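Undergrad: Dropping a structure here in structure tokens format, bear with me for questions.
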Amino acid sequence: SQELEQSPQSLIVQEGKNLTINCTPSKTLYGLYWYKQKYGEGLIFLMMLQKGGEEKSHEKITAKLDEKKQQSSLHITASQPSHAGIYLCGADNGQGAQKLVFGQGTRLTINP
Amino acid sequence: EAGVAQSPRYKIIEKRQSVAFWCNPISGHATLYWYQQILGQGPKLLIQFQNNGVVDDSQLPKDRFSAERLKGVDSTLKIQPAKLEDSAVYLCASSLSIRQPQHFGDGTRLSIL
């Protein structure tokens, strides 16, 4: 079955600094989703990547999927306190129903 | 556009009791999902509906968990009887159709004493 390894598990950065979170699937995937979760709340959809080499950006967050679809990264430029939270990647294997398998999450803390 | 609505937000029960959660998806979303998220882990899919039919329930502990989606809109998830290991956040999500982004509610935090 599909498993996703996220790294790092937690990250503390100074406000204004750049950071990168990685997501590595154990098997071939159809699509890769990035979500953000704040404590006590649901997941907020950020971006969906389906093609090898695809890159999408929204405000200061950029997500990439490598050419072979074997790793994805989420990059935040000039981090702000509002970026704090848990970032989760989810994989869709493309078989039958869209069954998303999630990584364990990366907890991001932004220090002022 | 109203988001996915879930209730209650919190529930505390004793083991062996029963509990039910309710979800109202985004209007027009045909696909509805229930996930279980244990503290420190990512969400795990329990069951997926397409309209009012079950698409995937392979990870639903059917001896104690049940779910239904009446008329292809609202859904309820029930646990009977609850065990200590059921303590988790239960998240409901919906999407326009399969392979579209899923949108999540704020979840129900269940504590089993």
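The values are calculated or read from the model by the stated rules, or taken from the named source; none is laboratory data. Owing to the predicted nature of the structure, the values given are computational and were not obtained by experimental measurement. Neighbour counts run over all protein chains shown; Cβ positions are idealised from the backbone, glycine included. All accessible areas refer to the heavy atoms of the entire protein, side chains included, with ligands and DNA or RNA removed. Shrake-Rupley method; radii C 1.70, N 1.55, O 1.52, S 1.80 Å.
Undergrad: Could you sort out which of A:Lys17/A:Lys60; A:Lys27/A:Lys99; A:Lys17/A:Lys56; A:Lys27/A:Lys68 sit more than 18 Å apart by Cα distance in this structure?
TA: Correct reply: A:Lys17/A:Lys56.
Undergrad: Over the alpha-carbon set of the protein assembly as shown, work out the extent along each principal axis and list the three values in angstrom, largest first.
TA: Taking max minus min along each principal axis of the Cα atoms, the protein assembly as shown gives 48, 37, 35 Å.
Undergrad: Any idea of A:Val101's accessible area? Nearest 10 Å², probe 1.4 Å.
TA: 40 Å²
Undergrad: Taking a probe of 1.4 Å, how large is the accessible area per residue of the range B:5-112, in Å²?
TA: Dividing the accessible area of the range B:5-112 by its residue count gives 47 Å².
Undergrad: Per-residue Cβ counts within 10 Å, from other chains only, averaged over A:41-47: what number is that? Write down the numbers at each step before the final one.
TA: On the way: counts 6, 15, 12, 3, 6, 1, 1.
Taking the mean over all residues of the peptide, I get 6.
Undergrad: Right, here's the next one. Sorted by average packing, counted as other Cβ atoms within 10 angstrom per residue and highest first, what order do B:51-62, A:7-18 take?
TA: Values: B:51-62: 14.0, A:7-18: 12.5.
Output ranking for B:51-62, A:7-18: B:51-62, A:7-18.
Undergrad: Any idea what the dipole of the protein assembly as shown comes to, in debye rounded to 20, about its Cα centre with Lys/Arg Cβ at +1 and Asp/Glu Cβ at -1?
TA: So the dipole magnitude of the protein assembly as shown works out to roughly 260 debye.
Undergrad: Sequence gap of 8 or more, or different chains, plus Cα separation below 17 Å: how many lysine pairs satisfy both in the range B:5-112?
TA: Values: B:Lys11/B:Lys78; B:Lys11/B:Lys83; B:Lys15/B:Lys78; B:Lys15/B:Lys83; B:Lys44/B:Lys62; B:Lys44/B:Lys78; B:Lys62/B:Lys78; B:Lys62/B:Lys83.
Close lysine pairs under the 17 Å cut-off: 8.
Undergrad: Alpha carbons only, please: Rg and Dmax for chain A, in angstrom.
TA: Cα radius of gyration and Dmax of chain A are 13.5, 45 Å respectively.
Undergrad: Which order, highest average first, do A:68-74, B:13-19 follow once you tally other Cβ atoms within 10 Å for each residue and take the mean per peptide?
TA: A:68-74, B:13-19
Undergrad: Report in % the part of the accessible area of the range A:1-102 that belongs to carbon and sulfur, leaving out ligands and nucleic acids; probe 1.4 Å.
TA: Of the solvent-accessible surface of the range A:1-102, carbon and sulfur hold 46 percent.
Undergrad: How big is the B-A contact in terms of buried accessible area, both chains counted, 1.4 Å probe, rounded to the nearest 100 Å²?
TA: In total, chains B and A hide about 1800 Å² from solvent.
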